[in-house]
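One structure below.
The values are calculated or read from the model by the stated rules, or taken from the named source; none is laboratory data. Just so it is clear, the model here is predicted, and its values are computed rather than measured. Glycine also receives a Cβ, built like all others from the backbone with ideal geometry; neighbour counts cover every protein chain displayed. Quick note on the areas: whole protein, heavy atoms, side chains included, nothing else; ligands and nucleic acids left out. Shrake-Rupley method; radii C 1.70, N 1.55, O 1.52, S 1.80 Å.
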Amino acid sequence: MNILITGAWQNAGKHIHMIEEMGHQVTFLQYEKDQLPCTSEWVEGVICNGLFLYHSIEQFTNLKYIQLTSAGYDRVPIDYVKEHNITIFNARGVYSIPMAEYALSSALNLCKKSTFFHENQKQKKWIKNRDLKELYKQTVCIIGCGSVGTECAKRFKAFGTAIIGIDQYPYENEAFDQMYNINNLNDVLPTSDVIILTLPLTNETKHLINEERLSLLKDEAVLINISRGAVIDTDALINALINKNIYAILDVFEEEPLNEKSPLWNYENVMITPHNSFVGEHNSERLSNLIIRNLSDLK
């Protein structure tokens, strides 16, 4: 197979020789927005992230195989991929552990008022806080029960929480105490202390968390988004943050980078990180192993 590899796979250089020994022909493109180093007709397989944001997929007339370095499919014209029977793999499982650790640590930081103590430390102030909380016995609702959601469930369960899963296609998973169809979301939200969004962005999930559903959140509920920004209606969230006693931990946004004028920067009940939850020192190893394994399984 003729394979175009992009710089989205940061460790590609260490593995190109191995891929060539498997019988594939390889060409490399460092930056996906740049001109292709080969004719588009030559390409039969790609290992990339956002290649099709800059190069129309229609020009790759012999494309048979796509390996994404991201977990999401939202940068790929997935309908075209399905219509043309193109085999596609995402980076399922590669980033799940650091993302789950991010969700857990963020929730714990809120419970234990870490920001309060850090600010006092900088000012050398010895002030106790009697308003700390426990995760123990809280109800955690995980919306999206794939690899990331499952890793979240495992870690939160270790703290003695009740784990409720919401998924478009419910299934048996021992990491969850209960799992419901996404149509039952409105019934689950009012009972949830922590809500974690780990589902993919699709036409069906865009603005899934809207004004109506935000109005259902209980007092002091924590909303954590590590999926895609557009799963939440940003304007509705801003209104809810002003008018309700809730917290938001946001790693992803409808517009990235988040505009400096966004009011989200200014709210004390919001924690913002720059789409960084996926970062972990073992990602490169997991991604490379996944890519090589998928290529090895090609028939």
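In the complete set of protein chains, residue-level accessible area for residue 84 is approximately 90 Å², probe 1.4 angstrom.
If R0 is taken as 25 Å, the Cβ-Cβ distance between residue 80 and residue 10 corresponds to a FRET efficiency of 0.40. Using a cut-off of 26 Å between Cα atoms, the listed pairs 33/82; 137/218; 33/64; 133/261; 137/244; 154/261 include 133/261; 154/261 as exceeding that distance. Looking at the range 31-125, the accessible area is 54 square angstrom per residue; that uses a 1.4 Å probe and ignores ligands, DNA and RNA.
Test of understanding: what is the full-extension gain from residue 136 to residue 1, defined as 0.36 nm times their sequence separation minus their Cα-Cα distance?
Details: separation 135, 0.36 × 135 = 48.60 nm, distance 5.23 nm.
Once the chain is fully extended between residue 136 and residue 1, it gains 43.4 nm.
Taking only Cα atoms and a 10 Å spring cutoff, compute GNM fluctuations for the chain and point out the largest among 69, 115, 61. In the Gaussian network model the winner is 115.
Would you kindly give the portion of the calculated P(r) for the range 179-299 that falls above 21 Å, as a percent of all Cα pairs? It would help to have the intermediate numbers written out before the result.
Details: 3278 of 7260 pairs.
Roughly 45 percent, rounded to a whole number.
A 1.4 Å probe over all protein chains sorts 179, 18 by accessible area into 18, 179, starting with the largest.
Once the Cβ-Cβ distance of residue 211 and residue 127 is raised to the sixth power relative to R0 = 35 Å, the FRET efficiency obtained is 0.40.
Taking the range 9-39, which chymotrypsin sites (Phe, Trp or Tyr not before Pro) meet the DSSP loop condition and have no more than 14 other C-beta atoms within 10 Å? Present the calculation step by step, with values, prior to reporting the outcome.
Working: sites: 9, 28, 31; in loops: 9, 31.
Answer by residue number: 31.
Toward the positive end of the charge dipole of the chain, with +1 on the Cβ of Lys and Arg and -1 on the Cβ of Asp and Glu, the farthest Cα among 295, 3, 214 is that of 214. When the GluC sites (Glu not before Pro) in the range 226-269 are filtered for DSSP coil states and for at most 10 other beta-carbon atoms within 10 Å of their beta-carbon, the remaining sites are 255, 260, 268. Once the chain from residue 56 to residue 173 is taken as fully extended at 0.36 nm per residue, the excess over their C-alpha distance is 38.3 nm.
On the basis of the beta-carbon distance and an R0 of 30 Å, residue 243 and residue 183 show a calculated FRET efficiency of 0.65. Near the amide H of residue 192, within less than 5 Å, lie the amide hydrogens of 218, all on another chain or at least 5 residues away, with H placed in the peptide plane.
Note that the range 143-160 has calculated 3J(HN,Hα) couplings of 9, x, 10, x, 4, 5, x, 5, 5, 4, 4, 4, 6, 5, 5, 5, 9, x Hz, one per residue in order, obtained from phi through the Karplus relation 6.51 cos²θ - 1.76 cosθ + 1.60 (θ = phi - 60°); glycine and proline are x.
Does the range 201-272 classify as rounded, prolate or oblate by the C-alpha gyration tensor (a ≥ b ≥ c root eigenvalues; a/c under 1.5 gives rounded; else a/b over b/c gives prolate, otherwise oblate)? Write down the numbers at each step before the final one.
Numbers: a/c = 1.68, a/b = 1.07, b/c = 1.57.
Verdict is oblate for the range 201-272.
Computed from phi, the 3J(HN,Hα) profile of the range 287-295 under the Karplus parametrisation 6.51, -1.76, 1.60 (θ = phi - 60°) reads 5, 4, 4, 5, 4, 5, 5, 5, 5 Hz, with x in place of Gly and Pro.
Charged side chains reduced to their Cβ positions (Lys and Arg at +1, Asp and Glu at -1) give the chain a dipole of some 1140 debye around its Cα centre. Under 1.5 on a/c is rounded, so check that first for the range 112-260, then, if it is not, pick prolate when a/b is larger than b/c and oblate when it is not; a ≥ b ≥ c are the square roots of the alpha carbon gyration tensor eigenvalues. Here the range 112-260 falls in the oblate category.
Based on alpha carbons, the Rg and Dmax found for the range 147-201 are 10.6, 30 Å. Heavy-atom accessible area with a 1.4 Å probe sorts 42, 126, largest first, into 126, 42.
If you take the square roots of the eigenvalues of the alpha-carbon gyration tensor of the range 122-174 and sort them as a ≥ b ≥ c, do you get rounded (a/c under 1.5), prolate (a/b over b/c) or oblate? Working shown, then result.
Numbers: a/c = 3.66, a/b = 2.74, b/c = 1.34.
It is prolate, given that a/c is not under 1.5 and a/b is the larger ratio.
Highest mobility in the GNM of the chain, judged by mean-square fluctuation with C-alpha springs under 10 Å and restricted to 161, 39, 273, is found for 39.
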